[in-house]
Amino acid sequence: MPPAVAAVLTGEEAAAAWRRLRATTWALCALVFLAAFESLAVTTVMPTVSEALDGASLYALAFAAPLATGVVGMVVAGAWADRAGPARPLAAAAGLFVAGLVVAGTAVSMEQLAAGRLLQGLGGGSLTVVAYVVVARLYPGSLHPRVFAGFSAAWVVPSLVGPPVAGFVAEHLHWRWVFLAVAVLVPAVAAVALHRVRTLGAPDTPAQEEDAARRVAPPATGRRIAWASLAALAVLALGLGAEVEGRAAFVVAALGVTCALVALRPLVPHGTLRAARGLPAVVATRALLAGGFFAAEVYLPYLLTRRYGIPATLAGVTLTAAAIAWAGASWLQGRLGDRLPHSRAIRIGTATVALAIAATAAGAATHAPVVVLVVAWGTAGFGMGLTYARQTVLVLRYSAAGAEGANSSALSVADSLGAALALSVTGVLFGAAADRGGDVPYAVCLTLTAVLALAAALVAPRVAPRAGYGPGAVADPSTSASTART
């Protein structure tokens, strides 16, 4: 039912649509589930993997690699899905994701593991964008908050069992199975989603909407793919910059960040880098929030295992607490619906994340008890749960028919590149502060992530559209065409 995204349905019609799409919903949520398990599991076992492969110098790069290549996958998949429908991009994305998992799971060196993570990022980034396009094309708009709440809730089970199970596997079996087990499951789940998605072709878009959509996020051409590739290379260069010693490391970091931001500008809506009101501000908050939260998430288990002497299994409990809080907040915002306006949810969520990460950084600096770090990080997860789903809903509401892939790609690019840049820069800072020893390197990195989260909170009030730019607007709110409607 492609036109349903723009339709206003009665309660009974919406319930019928939900029942009709139940299998597809479960399949999409299962893909999110597997991606979530992989993300949380890798974060938990990476200290073990790094030690086994003697790859401490590439620790940050192993996390930044999939985020960097994911930018390219997002741009390509978004344009492909808008042009030809989401079926073939979904199949290709699942294949690349599985290939990356196999390469990483069979790695005999940290370099091979990083190469697998590069492939994994191409597939994972594409999967995210294609899933958003499927929601936009198949589900009525009134069900979007519920579907995206389901995506967030798909983190519940892996957050409960993922980190502890991954730690158990690493300690008693082998860390390779953290990658290979997921590789076995993805093809079957993707096949279920493809059964319904294959009926979706290119959208039938009226000429005026196509023109408006092009103004918001032009289709990915060879030029856009080249910009995405440049951004990915800049992030990877930043990751390798952690091996550079002295002041040269900061020069490399400055050049890498500048290059990445220059490459990012053509990939996101006009005005994103200055957080213009409306759609650009939504994308900007996602980039800043992802940078703050996910970079901090990477270093927290590292801190607990190296400085507190906690086994990997128990260190994963910290991530579990945050993921449960995230899922609970996501469920809450889904139940509240329009009673909690999107802009208000994003303001509350970003402020909560900023305060929580600041508390985590302070806890690291003072070597606070583990329970303090767990509570602080759980609070950060709650703030993310309030924010993430609403940002995605707003992007789809600001998208014309046929532009969902491009705009979802822009949001995902900002998400991935924001986290990748933060991880790369923290890698440089960690290396520079390593000589200080103790908790200092961890505290420095967490402080930077707190600053990024604070920036997201300061930008958050601008996600509310200005007069004449309400739900359904398709044009860039920073242009005179901002009053266009779907």
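The values are calculated or read from the model by the stated rules, or taken from the named source; none is laboratory data. Fair warning: this is a prediction, and the values are worked out from it, not measured in the lab. A quick note on method: Cβ atoms are made from the backbone with ideal geometry, for glycine too, and the neighbour counts reach across all protein chains shown. In case anyone asks, the SASA skips ligands and DNA or RNA and just uses the protein heavy atoms, side chains included. Shrake-Rupley method; radii C 1.70, N 1.55, O 1.52, S 1.80 Å.
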(request) Starting from residues that are open to solvent by 10 Å² or more (accessible area, probe 1.4 Å) and at pLDDT 90 or above, keep the ones in the stretch 95-111 and report whichever is nearest to the chain's Cα centre (by Cα). (result) Phe97
(message) Taking the criterion of being assigned to a helix (DSSP H, G or I), over 23 Å from the mean Cα position of the chain (by Cα) and either β-branched (Val, Ile, Thr) or at pLDDT below 85 (or both), would at least one residue in the stretch 271-287 satisfy it?
(response) no
(request) Starting from the stretch 380-397, keep only residues that are on the phi < 0 side of the Ramachandran plot, then list their pairs with residues that are β-branched (Val, Ile, Thr) and open to solvent by 10 Å² or more (accessible area, probe 1.4 Å) whose Cβ atoms are within a distance under 8 Å, requiring at least 6 positions of separation or different chains. (result) Ala380/Thr352; Gly381/Ile324; Phe382/Thr352; Gly383/Ile348; Gly383/Thr352; Leu386/Ile348; Leu386/Thr352; Leu396/Val5
(message) Which condition from (1) surrounded by 24 or more Cβ atoms within 10 Å (Cβ to Cβ); (2) over 30 Å from Gly431 (Cα atoms) is the one that Ala65 breaks?
(response) (2)
(message) Looking for something open to solvent by 20 Å² or more (accessible area, probe 1.4 Å) and not in a helix (DSSP H, G or I) - is there at least one such residue anywhere in the stretch 369-388?
(response) yes
(message) Here is a check on your reading of the model: is Gly95 under 13 Å from Pro66 (Cα atoms) and assigned to a helix (DSSP H, G or I)?
(response) no
(message) Just to be sure I understand the filter: pairs with C-beta atoms under 6 Å, separated by 6 or more residues or on different chains, first member in the stretch 75-96 and within 15 Å of Arg224 (Cα to Cα), second member open to solvent by less than 40 Å² (accessible area, probe 1.4 Å) and basic (Lys, Arg). Which pairs pass?
(response) Val75/Arg224
(request) For Val428, state whether it is open to solvent by less than 10 Å² (accessible area, probe 1.4 Å), modelled with pLDDT under 80 and of a type in the set (Val, Ile, Thr). (result) yes
(request) Output the number of the condition that Ala253 fails; it satisfies all remaining conditions of (1) open to solvent by 50 Å² or more (accessible area, probe 1.4 Å); (2) at pLDDT below 85; (3) in contact with a helix residue (DSSP H, G or I) (Cβ under 8 Å, 6 or more places away or on another chain). (result) (1)
(message) Of the conditions (1) basic (Lys, Arg); (2) under 20 Å from the mean Cα position of the chain (by Cα); (3) farther than 21 Å from Val169 by Cβ, Arg117 satisfies every one except a single condition; which number is it?
(response) (3)
(request) From the list Ala325, Ala295, Ala359, Ala315, pick out the single residue that is open to solvent by less than 20 Å² (accessible area, probe 1.4 Å) and either in contact with a His (Cβ under 7 Å, 6 or more places away or on another chain) or modelled with pLDDT of 80 or more (or both). (result) Ala295
(message) Among the residues that make up the stretch 423-432, is at least one of them out of contact with any strand residue (DSSP E or B) (no Cβ under 8 Å at 6 or more places or on another chain) and at positive phi?
(response) no
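Here's the yes/no breakdown for (1) polar (S, T, N, Q); (2) over 30 Å from Ala79 (Cβ atoms):
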position: His367; (1), (2): no, yes
position: Val374; (1), (2): no, yes
position: Thr379; (1), (2): yes, yes
position: Gly383; (1), (2): no, yes
position: Thr387; (1), (2): yes, no
position: Val395; (1), (2): no, no
(request) Within the stretch 98-109, track down each residue that is assigned to a helix (DSSP H, G or I) and in contact with an Asp or Glu (Cβ under 9 Å, 6 or more places away or on another chain). (result) Leu101
